[in-house]
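A.B. asks: Just dropping this structure here.
The values are calculated or read from the model by the stated rules, or taken from the named source; none is laboratory data. This is a predicted model, so every value here is computed, not measured. We place every Cβ from the backbone using ideal geometry, glycine too, and count neighbours over all the protein chains shown. When the accessible area is computed, the model is the full protein with side chains, heavy atoms only, and any ligands, DNA or RNA have been set aside. Shrake-Rupley method; radii C 1.70, N 1.55, O 1.52, S 1.80 Å.
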Amino acid sequence: MKEKYIKSPINYIGNKFKLINQIIPLFPNNISMFVDVFGGSGTVLINTKAEHYMYNDINPYISSIFEGLVTEETDKVVKKIEDIIIEFSLSKTNKDGFEKLRDDYNAGRNNWITLYTLMCYSFNQQFRFNNEHQYNSSFGKNRSCFSDRQRKNLYDMKQNITTNITFLSK
């Protein structure tokens, strides 16, 4: 029987989802502490069974998003995202709303939930920053949004993951 693996709700460069069915079988059956040194989207951690977890990624932006998605109640996360979508009239075609949200983020509204929502509406759902740490990803016109698939991935992740995780960004 083929194992069903969970895809992270974070689309991040280097995501291991396409390789997860090759990675997980290599792990021992009983893991006391699983350390995900290059945690990224958290795909490997989400799909690994262990007693304790340590998540690390050098990128503090991705670490804060993953920690927020894991530790906050899913319904509250979805509500916050939906509130931002309504506030800025975000859609696959509203570039002005996206740019206003990006400007607000760069002007100080730089929390993980705003960043995650920005990422959802960015080109290829990726995020990038300039040297001054200003968010500068472009709009994902006609392609990117907070989709039903991402919502499902978020709920699936939360059903499968423990909160017994230490989060680091080193």
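A.B. asks: Among Asn111, Asn124, Asn130, which is the only one that is farther than 30 Å from Ile31 by Cα, at pLDDT below 95 and in contact with a Gly (Cβ under 9 Å, 6 or more places away or on another chain)?
C.D. replies: Details: Asn111 fails: at pLDDT below 95; Asn130 fails: in contact with a Gly (Cβ under 9 Å, 6 or more places away or on another chain).
Unique residue meeting the criteria: Asn124.
A.B. asks: Looking at the range 10-33, which of its residues are touching a strand residue (DSSP E or B) at 6+ places or on another chain (Cβ under 9 Å) and surrounded by 12 or more Cβ atoms within 10 Å (Cβ to Cβ)?
C.D. replies: Filtering the range 10-33 down to residues touching a strand residue (DSSP E or B) at 6+ places or on another chain (Cβ under 9 Å) leaves 27, 31-33.
Phe27, Ile31 - these are the residues of the range 10-33 that are touching a strand residue (DSSP E or B) at 6+ places or on another chain (Cβ under 9 Å) and surrounded by 12 or more Cβ atoms within 10 Å (Cβ to Cβ).
A.B. asks: What residue, among those in the range 103-145 that are open to solvent by less than 40 Å² (accessible area, probe 1.4 Å), touching a residue at least 60 places away in the same chain (Cβ under 8 Å) and assigned to a helix (DSSP H, G or I), is nearest to Gly68 (Cα to Cα)?
C.D. replies: Within the range 103-145, the match that is nearest to Gly68 (Cα to Cα) is Tyr116.
A.B. asks: Now, a different point. For Gln150, all conditions in the list (1) more than 12 Å from Ile84 (Cα to Cα); (2) in a loop (DSSP other than H, G, I, E, B) hold save one; what is the number of the exception?
C.D. replies: The number of the failed condition is (2).
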